[in-house]
Amino acid sequence: MSTSQAGGRPIPNALSIAGVDPSGGAGVLADVKAMSALGAYGCAVIAALTAQNTQGVTGIAPVPPEFVGLQIDTLFTDVRIDAVKIGMLGQRPVTLVVAEKLAKWLPAHIILDPVMVAKSGDHLLERDAVGALREALLPQATMLTPNLPEAGVLLDERPVETVKEMRRVAERLRNIMAYSGQRWVLLKGGHLPGNDTIDLLHDGDRMIELPGHRIETRNTHGTGCTLSAALAALLPQIDDVPEAARRAKAYLAEALRHADRLQVGSGHGPTHHFHAWW
């Protein structure tokens, strides 16, 4: 059996269930890059198609729900999947199929990134799919990674603007997750005013602040995808969830710090997933 270079564990197989961004900055292409950079073998199930570049989304084409389910069943029948990251699902029927299949296969780690709006402002999740996400997928998630606007939608309230308010939101989000096993909320504070980017990690007991600083770059396309994919890569390798979250955030910070070395499009460009290599 192949083992990772440190610790002798099997190299994890991490799965992204998400949409395709042809520019490679977000969605499954970004996810597989981040997973690869962090020592996991990346797999992908395509849940939606987009016509998209760094400036915006010009079209979305759904994938038939039954085919999304077939992709999942076919993959899990053959490949050991150690962690699943869920990104853009687009529609309610796809959301329900993904929830049904994950309940069948029961992967150890399910990181739910509730993708709703692109950096360009384009909506990526239909309104009637939010309830399905909240009711069918959220109870299965072992980690939820919303930004502040997404948290507001999940809780049906306005986005908050202070760290104090974030604490209340993190508690409310954790309360709508399941109570069995380890369940975490990673509430991202990137939309807070100012130069500090404090994230909160909460498991119903501990409330851990993950401090950070805003990095000056316009190349921020796919940051949420990258963070959740990094967690899918790291959680099977690191038993300590807060440490895995810190490493995922540090990886994203470096990907943003080196993003301007890339020349991809003229809008919100991608982060540099392979900053440690080239």
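For the residues Gly24, Gly87, Gly69, Gly19, the requirement of being more than 18 Å from Thr145 (Cβ to Cβ), open to solvent by less than 20 Å² (accessible area, probe 1.4 Å) and in contact with a helix residue (DSSP H, G or I) (Cβ under 6 Å, 6 or more places away or on another chain) singles out Gly69. Of the listed requirements (1) buried (at least 23 other Cβ atoms within 10 Å of the Cβ); (2) touching a Leu at 6+ places or on another chain (Cβ under 9 Å); (3) at pLDDT 95 or above, Val94 misses just one: (2).
A quick yes/no check of all residues on (1) under 14 Å from the mean Cα position of the chain (by Cα); (2) modelled with pLDDT under 95; (3) closer than 17 Å to Trp184 by Cα; (4) hydroxyl-bearing (Ser, Thr, Tyr):
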site	(1), (2), (3), (4)
Thr223	yes, yes, no, yes
Pro242	no, no, yes, no
Arg246	no, no, yes, no
Ala250	no, no, no, no
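Applying the selection to region 135-159, what residues are among the acidic types (Asp, Glu) and at negative phi? Before the answer, list the steps.
Our first condition is that a residue be among the acidic types (Asp, Glu); within region 135-159, this holds for 135, 150, 156-157.
Of everything in region 135-159, those that are among the acidic types (Asp, Glu) and at negative phi turn out to be Glu135, Glu150, Glu157.
The single condition among (1) farther than 21 Å from Gly27 by Cα; (2) without any contact (Cβ under 8 Å) to a residue 40 or more places away in the chain; (3) aliphatic (A, V, I, L, M); (4) surrounded by fewer than 17 Cβ atoms within 10 Å (Cβ to Cβ) that Ala250 does not satisfy is (1). Would you say Glu135 is closer than 23 Å to Leu89 by Cα, surrounded by fewer than 22 Cβ atoms within 10 Å (Cβ to Cβ) and modelled with pLDDT of 85 or more? So Glu135 fits the description; yes. Of the numbered criteria (1) touching a strand residue (DSSP E or B) at 6+ places or on another chain (Cβ under 9 Å); (2) outside any helix (DSSP H, G or I); (3) under 25 Å from Gly8 (Cα atoms), the one Ile238 fails is (1).
Considering each residue of region 27-50, count those that are part of a loop (DSSP other than H, G, I, E, B) and among the β-branched types (Val, Ile, Thr), and give that number. First the steps, then the outcome.
Just the residues of region 27-50 that are part of a loop (DSSP other than H, G, I, E, B), to begin with: 38-40.
Filter again for among the β-branched types (Val, Ile, Thr), leaving none.
Residues that pass the stated criteria total 0.
When the residues of region 27-42 are filtered to those that are in contact with a His (Cβ under 9 Å, 6 or more places away or on another chain) and not hydrophobic (A, V, I, L, M, F, W, C), the one that is farthest from Gln237 (Cα to Cα) is Lys33.
In region 152-168, which residues are in contact with a Leu (Cβ under 8 Å, 6 or more places away or on another chain) and more than 21 Å from Asn195 (Cα to Cα)?
Pass one, region 152-168, residues in contact with a Leu (Cβ under 8 Å, 6 or more places away or on another chain): 154-155, 159-163, 166-167.
Within region 152-168, Leu154, Leu155 qualify.
Scanning region 51-90 for residues that are within 21 Å of Gln237 (Cα to Cα), assigned to a strand (DSSP E or B) and of a type in the set (A, V, I, L, M) turns up Ala83, Val84, Ile86.
Every condition in (1) open to solvent by less than 10 Å² (accessible area, probe 1.4 Å); (2) closer than 19 Å to Ile208 by Cα; (3) in contact (Cβ under 8 Å) with a residue 40 or more places away in the chain holds for His273 except the one numbered (2).
Has region 174-188 got at least one residue that is among the hydrophobic types (A, V, I, L, M, F, W, C), at pLDDT 95 or above and over 27 Å from Arg218 (Cβ atoms)? Yes, there is a match, as at least one residue in region 174-188 is among the hydrophobic types (A, V, I, L, M, F, W, C), at pLDDT 95 or above and over 27 Å from Arg218 (Cβ atoms). What about Gln55, is it surrounded by 18 or more Cβ atoms within 10 Å (Cβ to Cβ) and either free of Cβ contacts under 8 Å to residues at least 12 places away in the same chain or of a type in the set (S, T, N, Q) (or both)? Judged against the criteria, Gln55 is not a match.
The values are calculated or read from the model by the stated rules, or taken from the named source; none is laboratory data. Just so it is clear, the structure is predicted and the values come from calculations on it, not from any experiment. As a convention, Cβ positions derive from the backbone with ideal geometry for all residues, glycine included, and neighbour counts pool all protein chains shown. These accessible areas exclude ligands, DNA and RNA; they are computed on the full protein's heavy atoms, side chains included. Shrake-Rupley method; radii C 1.70, N 1.55, O 1.52, S 1.80 Å.
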